[in-house]
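Written below as structure tokens is the structure these notes are about.
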Amino acid sequence: MTNSVKVSKRKEIYPLFGGTNSGKTTTIKEIYRILSIKYPNCILRKSKKYGYDMKIEMKIKVGTEDVLVGITTFGDAKPGLRNTLNAFASKGCNIIFCAESIKNFAQLPNSSAQNINHLIKNTVIGQLPILKQYKIYPLSVLYLQNKAKAIKKKITQAEINYEVAKIIINQAGL
């Protein structure tokens, strides 16, 4: 019996939506940090930093599958986000973690994933034809922050970002 590694066929995108300065970028960076610790033997295919923003491709082994993960924080810079998502999809990333600002996001009465589903069609993620092959799991930074606060009553902002990142990673099955 041989232990063969197969390439994952998953095509999933986990966009973290929220308003400006809501913690999207910090949470995405925390996702990268946690995955780097959880998968120390990952292969970092590409890593670039642009000021505060970053674009990373990493190959991790999950069970018997190789999973190519794309991570970007270009949420407020629409052209950068568009270019990065196109590149990730073209390179065959199985899972993409990204952030995107939504105008008037704070006006939503309950910023849960169900309430932001209808907003996706007006986002960069919803408008890129190449992403049609992906299953989109929209995430609300505000909703997840409130969920993290409910888990632990006295919590710092850094702990909130960590808990939100863990929730997202668990949802992705990584």
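The residues on offer are Ile125, Ile160, Ile151, and the sole one that is modelled with pLDDT under 80, β-branched (Val, Ile, Thr) and under 16 Å from Gly18 (Cα atoms) is Ile125. Working only within region 42-53, note down all residues that are of a type outside the set (Lys, Arg), surrounded by fewer than 14 Cβ atoms within 10 Å (Cβ to Cβ) and either in contact with a strand residue (DSSP E or B) (Cβ under 8 Å, 6 or more places away or on another chain) or modelled with pLDDT of 90 or more (or both). Selection gives Ile43, Leu44, Ser47.
One line per residue, one yes/no per condition, for (1) aromatic (Phe, Trp, Tyr); (2) part of a strand (DSSP E or B); (3) at pLDDT below 90:
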position: Ile13; (1), (2), (3): no, yes, no
position: Ser22; (1), (2), (3): no, no, yes
position: Pro40; (1), (2), (3): no, no, yes
position: Lys55; (1), (2), (3): no, yes, yes
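One residue stands out among those in region 61-80 that are in contact with a helix residue (DSSP H, G or I) (Cβ under 6 Å, 6 or more places away or on another chain) and closer than 16 Å to Tyr32 by Cβ: the one that is modelled with the lowest pLDDT, which is Gly75. Scanning region 90-111 for residues that are farther than 25 Å from Leu44 by Cα and at pLDDT 70 or above, we see that the one that is surrounded by the most Cβ atoms within 10 Å (Cβ to Cβ) is Ile102. Please tell me if Ala87 is at pLDDT 85 or above, surrounded by fewer than 18 Cβ atoms within 10 Å (Cβ to Cβ) and either of a type in the set (A, V, I, L, M, F, W, C) or out of contact with any helix residue (DSSP H, G or I) (no Cβ under 9 Å at 6 or more places or on another chain) (or both). In short, yes.
Considered as a group, the residues in region 57-77 that are outside any strand (DSSP E or B) and of a type in the set (Gly, Ala, Ser) include one that is surrounded by the fewest Cβ atoms within 10 Å (Cβ to Cβ), and that residue is Gly63.
The values are calculated or read from the model by the stated rules, or taken from the named source; none is laboratory data. On a predicted model such as this, the values are computed, not experimentally measured, just so you know. Methodologically, a virtual Cβ is constructed for each residue, glycine included, from the backbone with ideal geometry; neighbour enumeration extends over all protein chains shown.
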